[in-house]
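Laboratory data are not the source of any read-out in this text; all were calculated from the coordinates shown. Treat the numbers as computed from the prediction; the structure is a model and nothing was measured. Methodologically, a virtual Cβ is constructed for each residue, glycine included, from the backbone with ideal geometry; neighbour enumeration extends over all protein chains shown.
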Amino acid sequence: MRAALLGSVLLTVLAFPAFTSQGGVAEAVRWVGEGRYAQALDAATKLGSAQERGQAQLYVLHHAGALNEALEAGLRGLDAAPDDAWLLDRCAYLAISLGAGSLARELCIRLEEHATPEAWEAAAWMLDEAEALEADRTAEALALSRARWSAALFGLASLVLMAWWGRRSPHSKSSTPRAPSVSVDGGMP
């Protein structure tokens, strides 16, 4: 797993310089390097193409720790450039990080189609991870469903048992006649 993660990081490092040579993206990357995320996001937002905006916003937001927003920005970039291997890789990685197995699996399949063989070899671990996440989600949903049914059946069985027990209770129907009550002064009430 550690080697696979290193491979994905290498893919990011090797592919990222290709678009950091562009003006606005380079400015956003520089701001991130200085820890000035607001300025970096502002520079990323002003980029001309949706693909560049998606790349730069994903990069900035990911480094700022806003993973959901980074994934959304990357997916917007993929709307404009569906075969962008860097965006596919980063979005798949973020989807796995956020536990979105089915989205990660879909992105990995697309990445496999568009990445170079070397890049895919470095990122192939993500498909296994995405499929494991999907399997975990399915098992979790099945276990939750079983627990709900078990609780409902236990509750129903409890109600039936209480109703049956209530009919058999000696207090509900007494077969012993009761003596008439007598007042303290000796007379009948």
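Points worth noting:
- Near residue 111: Cβ cut-off under 12 Å, other residues only, Lys/Arg at +1 and Asp/Glu at -1. The net charge is -4.
- Model label sites at residue 149 and residue 102, defined 7 Å from Cα along the beta-carbon direction, differ in position by 2.1 nm.
- Inter-probe distance in nm under a simple model that places probes 7 Å from Cα toward Cβ, at residue 167 and residue 128: 6.1
- The stretch 51-150: Cα Rg divided by the 2.2 N^0.38 Å rule of thumb: 1.19
- Legend: ranking of residues 105, 168, 110, 76 from fewest to most surrounding C-beta atoms inside 10 Å; resulting order 168, 76, 110, 105.
- Charge context of residue 62, other residues only, Cβ under 15 angstrom, K/R +1, D/E -1: 0
- Modelled FRET efficiency - R0 35 Å, residue 159 with residue 136, Cβ distances, 0.05 increments: 0.50
- Charge context of residue 99, other residues only, Cβ under 11 angstrom, K/R +1, D/E -1: -3
- When the GluC sites (Glu not before Pro) in the stretch 33-105 are filtered for DSSP coil states and for at most 12 other beta-carbon atoms within 10 Å of their beta-carbon, the remaining sites are 34.
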